[in-house]
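**Q** Got a structure here, written out as structure tokens. Questions coming.
The values are calculated or read from the model by the stated rules, or taken from the named source; none is laboratory data. This structure is a prediction, so every number in the text was calculated from the model and none was measured. In this analysis, Cβ positions are derived from the backbone assuming ideal geometry, glycine residues included, and neighbour counts consider all displayed protein chains. Ligands, DNA and RNA are excluded from the accessible area calculation, which covers all protein heavy atoms including side chains. Shrake-Rupley method; radii C 1.70, N 1.55, O 1.52, S 1.80 Å.
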Amino acid sequence: MKLEVKAYAAGSLRKVLPEIFNKIGILGEIEFGPSGVLKERIVNGEQVDLFFPANMQHAQSLFELGLSNMPQIFAHNELCLFGKSDILTNNDALNLMLDPQYRLGTSTPIDDPGGDYAFAVFDKADSIQKGATDKLREKALPLVGGRNSKIKDGSHSPVYVLFKASLVDMFLGYRTTAIDISKYIDDILIVDLPDSLQIRSEYGVVVVNGSNKGQLALKLLQSPEIEEILIEYGFSS
């Protein structure tokens, strides 16, 4: 009999987490969404057993409020630039993002860690090209991951909708999202960020409000089997 738990999780885990749960014997009722928004819902009293944010700060804030156990790192992700290959014609990620003829999409800062990470990349850009930070912050289109975003999570990342509806030309986001979208949209090219711009994100996991089921699930999540699944989807453990 599988352990039944209710979890909130970052939208970028929508493909990998159900597979991990199934592998280790957890029957999960999982709601995916922007980590910052989900964290607020827990703070406001919503009951779940586990929380998997894409930013350890959200996990840490629950711990500091006495609403969870000590946070643990669950996985790592990296950022990259991705879009159609006829637009991403070279590997110079910064100049591609700065090009005024192209629309640059991001997730929404504060509500979604993906947006926080993207804007942290922008903050590093001045070290390469003076004035780049302000230009990137001004042109970025934070169209997904916000509490008021019109495009919501579904079976695919909402970034999928941005490309299908031709609302952006390129997107600065998680490598895992880029890999997933490339399976469903033809001719998606991924451009790595230079080391000077790269942000490595930390995903956390916490047991909420001392949930017994959450504690049991957390033990199952220590299984070495999950590392192979995380790597398959583009994460690192």
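**Q** Using r as the Cβ-Cβ distance of ASP126 and GLU227, and R0 as 41 Å, what FRET efficiency do you calculate, to the nearest 0.05?
**A** The computed FRET efficiency comes out at 0.65.
**Q** Translational diffusion coefficient, Stokes-Einstein: compute it for the stretch 5-135 using the Kirkwood radius over C-alpha pairs as Rh, at 25 °C and 0.890 mPa s, and state it as an integer in µm² s⁻¹.
**A** The calculation lands on 146 µm²/s.
**Q** How far is helix 113-124 tilted, in degrees, relative to the longest principal axis of the Cα atoms in the chain, given as a value from 0 to 90 rounded to the nearest 10?
**A** 40 degrees
**Q** Quick one: length gained pulling MET70 to ASN148 fully straight, 0.36 nm per residue minus the C-alpha distance?
**A** 25.0 nm
**Q** Report relative contact order for the chain in percent, whole number only (criteria: Cα-Cα under 8 Å, sequence separation at least 6).
**A** 32 percent
**Q** Moving on to the next point. Please give the contour-minus-distance gain from ASP99 to ASP186: 0.36 nm per residue of separation, less the Cα-Cα distance, rounded to one decimal in nm.
**A** My answer for the length gained is 29.0 nm.
**Q** Still on this structure, I have one more. Calculate how many DSSP beta bridges within the chain are antiparallel, expressed in % of all such bridges and rounded to the nearest 5.
**A** 55 percent
**Q** Take the alpha carbon atoms of the stretch 1-76, find their center, do the same for the stretch 122-198, and report the distance between the two centers in whole angstrom.
**A** 23 Å
**Q** Can you check how the C-alpha radius of gyration of the stretch 72-185 compares to 2.2 N^0.38 Å, as a plain ratio?
**A** Rounded to two decimals, the normalised Rg is 1.02.
**Q** Tell me the net charge near ASP86. Cut-off is 13 Å between Cβ atoms, ASP86 excluded, with +1 for each Lys or Arg and -1 for each Asp or Glu.
**A** Within the 13 Å Cβ shell, the charges total -2.
**Q** Here's another thing I want to ask about it. What is the percent carbon and sulfur in the accessible area of the stretch 1-150, measuring with a 1.4 Å probe over the protein chains and ignoring ligands?
**A** That fraction is 49 percent.
**Q** Points 7 angstrom from Cα along the Cβ direction at SER166 and THR89: gap in nanometres?
**A** Rounded to a tenth, the inter-label distance reads 1.9 nm.
**Q** Rg (Å, one decimal) plus Dmax (Å, integer) for the alpha carbons of the stretch 141-237?
**A** When restricted to the Cα atoms of the stretch 141-237, Rg and Dmax are 16.6, 46 Å.
**Q** Per residue, how many Å² of accessible area does the stretch 57-162 show with a 1.4 Å probe?
**A** The answer is 48 Å² per residue.
**Q** May I ask for the percentage of alpha-carbon pairs in the chain that lie more than 25 Å from each other?
**A** 40 percent
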